[in-house]
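For reference, the structure is listed below as structure tokens.
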Amino acid sequence: NMSGDFSLQGVEFDGDSKWTYRVLDLVGSNKSRIVDCHAKNFRYPTLDYSVDNLSAIFQFTECSNYKVIDCTFSDIYYRDVAGVVLTNANVSNGEKLGRCVQGAGAIADGKNADFRGNLFYETRTSVAVRHKNTTFRGNVWDAWSDNAIYHLSLSKMKVIGNDFSNSADEAIVTAGQDVTIIGNTFTDVDNKCVAFFGAADNYIISDNHF
């Protein structure tokens with residue numbers, strides 16, 4: 001728990017292909033930055049083993065003004081410890097939805113989140129956020145099995161100039177309002193590139209390549 005600033009830069013986290021529920025849970029920070037870090041090889045137990053489905057490498061709980069910049073996430077909950085790729089076909093009831101980054105806590109104005117220049121390679125649910133004022137710019141997603149961006153009931157999200165490729169699941173799932181999706185590239189995304197649910201309203205979708 002902290003109310004001040006937090007910064008993490010140039011650190012590598014290697015899960016050694018084992019089960020890990022959380023690496024960092026930052027609570028109550030007013031200004032946070034994770035820059036140029038690499039998380040890799042974090043996996044779920046085998047398919048017959050039930051665990052909390054909302055695992056996350058980095059979780060921001062009730063944090064405002066946080067940034068994840070120039071980080072790499074590879075093999076993050078994409079497989080189980082036996083090497084089996086987790087998909088919605090072989091995992092029942094929406095279980096094992098591990099995230100690289102998760103924003104948690106109450107929805108409120110001022111909870112700015114900024115994701116820039118990151119690489120997400122072979123991930124389950126890459127980013128799940130439920131804050132207002134969220135920006136994704138210049139990121140690359142390659143191979144995810146349950147949503148690249150899961151954007152819950154919030155407003156003012158911008159997704160600009162990102163690349164999404166090689167997945168059988170949706171790239172962006174959103175129930176938010178005031179959403180801008182401009183200049184992105186979607187390649188070999190077999191399900192919906194953008195999926196809406198709930199009270200989705202006021203969207204600008206322009207100059208994307210599908």
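In Å³ and rounded to a whole number, note down the convex hull volume per residue for the Cα atoms of the stretch 96-186.
Dividing the Cα hull volume of the stretch 96-186 by its residue count gives 79 Å³.
Once the Cα gyration tensor of the chain is diagonalised, what are the square roots of 5 times its eigenvalues, in whole Å and ordered largest first, as equivalent ellipsoid semi-axes?
23, 22, 16
To the nearest 20 Debye, how big is the dipole of the stretch 100-167 about its Cα centre, given +1 on the beta carbon of each Lys and Arg and -1 on that of each Asp and Glu?
320
Longer than 29 Å from Cα to Cα, which of Lys31/Lys192; Lys18/Lys156; Lys67/Lys192 are they? Say none if no pair is.
Among Lys31/Lys192; Lys18/Lys156; Lys67/Lys192, the Cα-Cα distance tops 29 Å for Lys31/Lys192; Lys18/Lys156.
So which chymotrypsin sites (Phe, Trp or Tyr not before Pro) in the stretch 35-78 pass both tests, a DSSP loop state and at most 16 other Cβ atoms within 10 Å of the Cβ?
Here the chymotrypsin sites (Phe, Trp or Tyr not before Pro) that fit, given the DSSP loop and packing criteria, are Tyr49.
Just the accessible area per residue of the stretch 76-177, please: how many Å² with a 1.4 Å probe?
Accessible area per residue: 31 Å².
Check which residues have an amide H placed less than 5 Å from Cys71's amide H, if you skip close sequence neighbours.
Hits under the 5 Å cutoff: Asp36, Cys37, Asn118, Leu119.
The values are calculated or read from the model by the stated rules, or taken from the named source; none is laboratory data. Please read all numbers here as calculations on a predicted model, not as lab measurements. Counting neighbours? That spans all protein chains shown, and the Cβs are built from the backbone with ideal geometry, glycine included. Areas reflect the complete protein model, heavy atoms only, side chains present, ligands, DNA and RNA absent. Shrake-Rupley method; radii C 1.70, N 1.55, O 1.52, S 1.80 Å.
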